[in-house]
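Reading through the structure tokens given below for one structure.
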Amino acid sequence: MSLELRGISFNHPSAGPDSGRLFDGLSLSVAPGEIVGLGAPSGAGKSTLLRIAALMTPADAGSVIIQGQEYGPGSPVGRHIRRSMGVVLQSPRAAADPRLRLGALICAPLSFRDGSLRPRPQRYERELAELAEWVQLDPALLWRYPHQVSDGQLQRAMLARALALEPDVLICDEPTAQLDPGTTSSIMGLLADRAASGAAVLIASHDGAALATVAHTMLELTQINQPNPG
Ligand SMILES: Nc1ncnc2c1ncn2[C@@H]1O[C@H](COP(=O)(O)OP(=O)(O)OP(=O)(O)O)[C@@H](O)[C@H]1O
């Protein structure tokens, strides 16, 4: 699948009228099989942009186009498209439900796809073992709650969750921020494998060197977010 952002304008509602727009007519595209790396100074808006791309935050103007289907402000987003997208947010602590063990967190997308109203890790033992291996997570950690693991372990669990449905669009915000260089390189390799299977992959990171090892295209947010003339 392809992912495109076209003419995106946005400001945070609570940011006040004088603070200027965060994005003004910003466009970028990610082709199937492509990894686009997004660099940005802190506060430039990369997390906000990724949430817009992931259809979690509606833009003020412009559209997100996924495999030719256009989503503007207020467009309904169907379950089918959500299931084809994997999203890793910057803060795993904020994203993870603290009441669920890691195994339940990771298998939740599989359970929901199969019609269950709550995660059932016991039904997905084989998938969980494979996902844990992909992200180099000790299987013993699948029984722990988020507060019982490190930030890096939790971030890898959230990545496993994002990969569970083998998404065609993968959006990752600082997926390796908490990791050592060796694990960072393995995780980047995993994202490259996903792209090699045809997924469009958008990764934002302050670690430009690690990103450059896998990205086909590197973009700097401050350069692509030039305000529209007039
Ligand atoms: N809910 C909000 N209300 C008002 N302003 C916000 C809100 N959330 C973020 N901002 C502001 O929007 C700007 C972009 O925030 P964002 O989190 O997207 O930046 P970032 O590039 O991801 O930063 P970092 O690299 O430090 O994580 C920042 O100036 C931030 O203060």
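The values are calculated or read from the model by the stated rules, or taken from the named source; none is laboratory data. What you see is a predicted model; the values in this text were computed from it and never measured. We place every Cβ from the backbone using ideal geometry, glycine too, and count neighbours over all the protein chains shown. Heads up: the accessible areas ignore ligands, DNA and RNA and are worked out on the full protein's heavy atoms, side chains in. Shrake-Rupley method; radii C 1.70, N 1.55, O 1.52, S 1.80 Å.
Things worth noting here:
- With respect to (1) touching a strand residue (DSSP E or B) at 6+ places or on another chain (Cβ under 9 Å); (2) surrounded by fewer than 19 Cβ atoms within 10 Å (Cβ to Cβ); (3) on the phi < 0 side of the Ramachandran plot; (4) touching a residue at least 24 places away in the same chain (Cβ under 8 Å), the lone exception for residue 93 is condition (1).
- Taken as a whole, the condition of being within 16 Å of the ligand (Cβ to nearest atom), open to solvent by 40 Å² or more (accessible area, probe 1.4 Å) and modelled with pLDDT under 95 applies to residue 58.
- Residue ID - modelled with the highest pLDDT, chosen from residues in segment 62-83 that are surrounded by fewer than 16 Cβ atoms within 10 Å (Cβ to Cβ) and of a type in the set (Gly, Ala, Ser): 68
- Put simply, of 181, 227 the only residue that is over 17 Å from the mean Cα position of the chain (by Cα) and at pLDDT 90 or above is 181.
- Within segment 31-55, the set of residues being outside any loop (DSSP other than H, G, I, E, B) and more than 9 Å from the ligand (Cβ to nearest atom) comprises 35, 36, 37, 38, 39, 52, 53.
- Unique match (being modelled with pLDDT of 95 or more and not assigned by TED's automatic domain parsing to the domain that holds residue 214) among 98, 32, 109: 98
- Screening 71, 124 for residues that are aromatic (Phe, Trp, Tyr) and assigned by TED's automatic domain parsing to the domain that holds residue 159 leaves exactly one candidate, 124.
- Taken together, the residues in segment 104-132 that are surrounded by 18 or more Cβ atoms within 10 Å (Cβ to Cβ) and not in a loop (DSSP other than H, G, I, E, B) amount to 13.
- The residues listed here are 149, 135, 87; of these, the one that is in contact with a strand residue (DSSP E or B) (Cβ under 7 Å, 6 or more places away or on another chain), crowded, with 18+ Cβ neighbours inside 10 Å, closer than 23 Å to residue 180 by Cα and not hydroxyl-bearing (Ser, Thr, Tyr) is 87.
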